[in-house]
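Chemist: Please find one structure pasted underneath; my questions will follow.
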Amino acid sequence: MERTEHIARLVVDRPEHGNLMTAAMASAIVEHLDTIEQDDDVKVVVISGAGADLSAGWDPNESWDQYVRAPGGAVRKHPSQRARLAALDAWWGPRGLFGRLLRFPRVTVLQATGRCFDAGLYLALCCDLVVASDDARFAFPRWHNVGVDGDLSLLIASVGLKRAKELMFCNAAWSAVVAREYGLVDDVAADPAARVEEYAQMCASIMRDGIVTEKYAVFASLEKMGIGLSFAAATVVGASLSNIHFQPDEYNFLADVRRSGAEAALERSRSELHTVEQP
């Protein structure tokens, strides 16, 4: 975490793995946000990824181990329901990354570059302003592999039901231009860092009480839309989907991770991504 006048900067820093995110990383971001919130001088938080990608998604190496490590653990390699629920708290729980970011009382500006998959796409949904690089792609290949296991209300509210279904069923990857047309991002720039800095400086010029008042008005609107309820439901749905059964003719991503390793499984699962270049 870095800080300049009125602006704090958080970097997802795991570039050698495409910034694949773990529950520990999600919790670390929440802790940094807690620290930033205590600093009344900060008005804006800029979030970016080190290297080429914002985030290639959730680290599949955690796809099973997280349940085994959670309180309640596994009995005969079958995680308890309480373990499945506890494991998802870092993402969707009351203190989870997405809810914390969505309800953060400062302006959040995201620099979205390269792969913005799974958790990366939800960072785009939860931040106030998003600037995408020309090469940014937004997708949720995890849903193609293990089913829709996160919140849908925020996605549908942002891009519409039909476009949300495109991500759900078609294994689509939206280009930066399409994501802007769909309402997922605010701007596309050849130099996203420079454009993000313009947004950050502009927002940092707003009086503090104005920012907080506007953010709390947004929080009230989110509650009226049922987004808080949907986030709570995402934990339950995600825990249930961790118990899905694959048929012999279906691609078993979790088994492929255990058999071939995360990198090979990810490569195979994403080989079918269909990039949508034009709205």
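Chemist: Just the Cα atoms of the chain, one point each, no solvent: what log10 I(q)/I(0) does Debye give at q = 0.08, 0.16 Å⁻¹?
Modeler: One equal scatterer on each Cα of the chain leads to -0.32, -1.33.
Chemist: Something else now. Calculate for the chain the 222 nm mean residue ellipticity that helices alone would give, adding -39,500 (n - 2.57) per DSSP H run of length 4 or more and normalising by residue count, nearest 500 deg cm²/dmol.
Modeler: About -14500 deg cm²/dmol.
Chemist: Can you give the FRET efficiency to the nearest 0.05 for V236 and A50, using r as the Cβ-Cβ distance and R₀ = 41 Å?
Modeler: 0.75
Chemist: Fewest first, what order do V44, V218 take by the number of other Cβ atoms within 10 Å? Provide the component values of the computation, followed by the final result.
Modeler: Numbers: V44 26, V218 14.
Arranged by neighbour count, lowest to highest, V44, V218 become V218, V44.
Chemist: Can you figure out the FRET efficiency of A220 with D191, using R₀ = 45 Å and their beta-carbon distance, to the nearest 0.05? Mind showing how you got there, number by number?
Modeler: Values: r = 36 Å, r/R0 = 0.79.
Plugging the Cβ-Cβ distance into 1/(1 + (r/R0)^6) gives 0.80.
Chemist: Taking the Cα centre of segment 2-276 as the origin and placing charges on Cβ (Lys, Arg +1; Asp, Glu -1), which of S271, S230, A194 is farthest toward the positive end of the dipole?
Modeler: Value computed over the given set: S230.
Chemist: Let's see if you can work this out: charge +1 on each Lys and Arg Cβ, -1 on each Asp and Glu Cβ, no other charges. What is the dipole magnitude of the chain about its Cα centre, in debye to the nearest 20?
Modeler: Working: 28 positive and 38 negative charges, 215 e Å.
Roughly 1040 debye, rounded to the nearest 20.
Chemist: Within the chain, count lysine pairs with alpha carbon atoms under 25 angstrom apart where the residues are 8 or more positions apart or belong to different chains. Walk me through the numbers before you get to the answer.
Modeler: On the way: K43/K215; K162/K224; K165/K224; K215/K224.
The number of close lysine pairs in the chain is 4.
Chemist: How many percent of DSSP beta bridges within segment 2-276 run antiparallel, rounded to 5? Walk me through the numbers on the way to the answer.
Modeler: Numbers: 8 of 33 bridges.
Antiparallel: roughly 25 percent of the beta bridges in segment 2-276.
Chemist: Continuing with this model, one more query. What residues qualify as long-range amide H neighbours of V12, i.e. H under 5 Å apart, gap of 5 or more or another chain, H built at 1.01 Å from N?
Modeler: S48, G49, A50
Chemist: Using the alpha-carbon centroid of each, what span in Å lies between segment 192-224 and segment 134-153?
Modeler: 26 Å
Read-outs throughout are calculated quantities, based only on the coordinates presented, and are distinct from any laboratory measurement. Keep in mind the model is a prediction, meaning the values are calculated, not measured. Backbone-built Cβ (ideal geometry, glycine too); neighbour counts: all protein chains shown.
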